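Beneath this line is the structure, given in structure tokens, with notes to follow.
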Amino acid sequence: MSTKTTATTATTDTNLQQPPHSSFEILGGARDRFLPALSHVLSRPYHPFPFLGWNRHLETISASFYRSIPDIRLRRQCLRTQDGGAVALDWVSGDDRRLPPDAPLLILLPGLTGGSGDSYVRHMLSRARSKGWRVVVFNSRGCGDSPVTTPQFYSASFLGDIREVVAHVTGRYPDANVYAVGWSLGANILVRYLGQEAYNCPLSGAVSLCNPFNLVVADEDFRKGFNIVYDKALAKSLRTIFNKHVLLFEDIGGEYNIPMAANAKSVREFDDGLTRVSFGFKSVDDYYSGSSSSDSVKHVQTPLLCIQAANDPIAPARGIPREDIQENPNCLLIVTPKGGHLGWIAALHHLEV
């Protein structure tokens with residue numbers, strides 16, 4: 001072995017032994033399994049960007065409006081679901097020629113009303129591609145201009161679509177290890193899926209980012225202070241999607257309140273008028289309680305990395321199921337001191353996984 005190789009090996013071994021920096025909160029039953037692969041990042045302090053990174057709302061808004069959007073050509077596949085609905089899968093154009101069939105494959109699940117055009121999705125897609133991964137974005141019903149063909153949208157409680165998407169993707173590339181990353185509501189859906197599938201889950205691993213986990217707690221905070229701005233913005237996005245397809249709900253009857261959904265000023269109003277009825281819940285609170293992924297963590301058997309920001313205004317840190325993550329040998333939680341919601345604008349070093 002050459003001197004250069006020996007020195008490199010020694011340096012690598014030293015890095016693996018470096019403890020995580022105190023700026024991170026780290027816990028989980030998979031701590032000893034996962035940390036060696038992350039020590040090159042976690043051994044350094046988390047430095048929020050000056051000014052922007054010191055305020056959770058500035059960081060959240062700046063990341064949403066001012067982060068660059070990588071220009072990547074996508075090829076759309078519309079997948080018809082068993083109930084007659086449809087979702088849109090966006091694959092990177094040319095990857096079938098560029099990558100071997102056994103290249104690792106990553107499924108991306110955006111947040112509420114999000115899709116393949118969002119900056120945070122594009123940056124993850126770009127980073128994964130640079131590592132030789134095949135990537136597909138799962139645009140839920142109505143999101144990312146995905147078609148709506150039945151009087152039903154997606155929700156935090158509904159796992160039928162993700163089951164069909166994972167089955168389709170793993171069936172198309174049977175020789176590949178398939179992973180998934182979810183943000184916000186997409187992360188909540190992903191973790192619920194992992195928990196329900198348990199030992200039968202075909203995914204090789206998953207990452208949950210900015211997961212609200214406890215939707216009852218998240219709803220409480222969502223209606224307070226500056227968070228009302230986010231609530232109104234998301235309600236507007238939901239109304240826009242809904243009103244494009246409102247004729248599908250004409251004369252639907254039952255407990256639906258179509259005028260309330262069509263004119264909703266808050267996410268809660270939209271969920272009360274439409275979502276909770278579509279998926280058989282008696283009330284909005286019943287829907288939020290029954291759709292929280294915090295109850296699923298204890299059942300997860302797939303390697304799961306959860307990354308949260310302590311100051312996230314939309315996914316409150318107090319809703320994180322720390323005890324269940326700590327007791328599950330398949331889970332690791334990393335909490336950064338700053339980051340906002342889908343932000344993580346860092347100065348010297350940013351969090352890369």
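The values are calculated or read from the model by the stated rules, or taken from the named source; none is laboratory data. Remember, predicted model here, so these are calculated numbers, not experimental data. Using ideal geometry, Cβ is built from the backbone for each residue, glycine included, and neighbour counts are taken over all protein chains shown. We work out accessible area using only protein heavy atoms, side chains counted, and drop any ligands, DNA or RNA first. Shrake-Rupley method; radii C 1.70, N 1.55, O 1.52, S 1.80 Å.
If you line up the long axis of helix 227-244 against the longest principal axis of the chain, both from Cα atoms, how many degrees apart are they, to the nearest 10? That works out to roughly 60 degrees. The alpha carbon gyration tensor of region 103-177 gives principal lengths a ≥ b ≥ c with a/c of 1.5 or higher and a/b no greater than b/c, which makes the shape oblate.
Distance distribution note for region 134-180: the fraction of Cα pairs above 17 angstrom is 40%. Would you mind telling me the share, in percent, of accessible area of the chain contributed by carbon and sulfur at probe 1.4 angstrom? Of all accessible area on the chain, carbon and sulfur atoms account for 53 percent. Of all DSSP bridge pairs formed entirely within the chain, close to 40 percent run antiparallel.
Between the Cα long axis of helix 56-66 and the first principal axis of the chain there is an angle of about 80°, rounded to the nearest 10.
For region 58-139, give me the percentage of DSSP beta bridges that are antiparallel, rounded to the nearest 5 percent. The antiparallel proportion sits near 75 percent. For residue 66 and residue 282, what is the calculated FRET efficiency with R₀ set at 35 Å and r taken between the beta-carbons, to the nearest 0.05? Once the sixth-power term is evaluated, E becomes 0.25.
Taking label positions 7 Å along the Cα-Cβ direction at both residue 327 and residue 126, the computed distance is 4.3 nm, reported to one decimal.
When peptides 97-109, 58-70 are sorted by average Cβ neighbour count within 10 Å, with the highest value leading, the order is 97-109, 58-70. May I ask for the angle, rounded to the nearest 10°, between helix 31-42 and the longest principal axis of the chain, with both axes built from Cα atoms and the value confined to 0 to 90°? Computed tilt is about 80 degrees.
Computed log10 I(q)/I(0) for the chain at 0.06 Å⁻¹: -0.22, from the Debye equation with unit scatterers placed on every C-alpha and solvent omitted.
Entry note, the chain: relative contact order of 25 percent, from Cα contacts under 8 Å with a spacing of 6+ residues. Between residue 23 and residue 55, the contour length at 0.36 nm per residue exceeds the alpha carbon distance by 9.8 nm. Of the residues 324, 312, 32, which exhibits the maximal mean-square fluctuation in a Gaussian network model of the chain defined by a 10 Å Cα contact cut-off? Most flexible of the set in this elastic network: 32.
Could you grab the Rg to Rh ratio for region 264-310? Cα atoms only, Kirkwood for Rh.
Here Rg/Rh amounts to 1.12.
In a DSSP loop and with at most 15 other Cβ atoms within 10 Å, the trypsin sites (Lys or Arg not before Pro) in region 240-332 are 265, 282.
Could you compute the FRET efficiency for residue 97 and residue 255, with r as their C-beta to C-beta distance and R0 at 56 Å, rounded to 0.05? Write down the numbers at each step before the final one.
Details: r = 50 Å, r/R0 = 0.90.
Efficiency for this residue pair is about 0.65.
Extension gain for the segment residue 167 to residue 262, taken as residue separation times 0.36 nm less the Cα-Cα distance, is 30.9 nm to one decimal.
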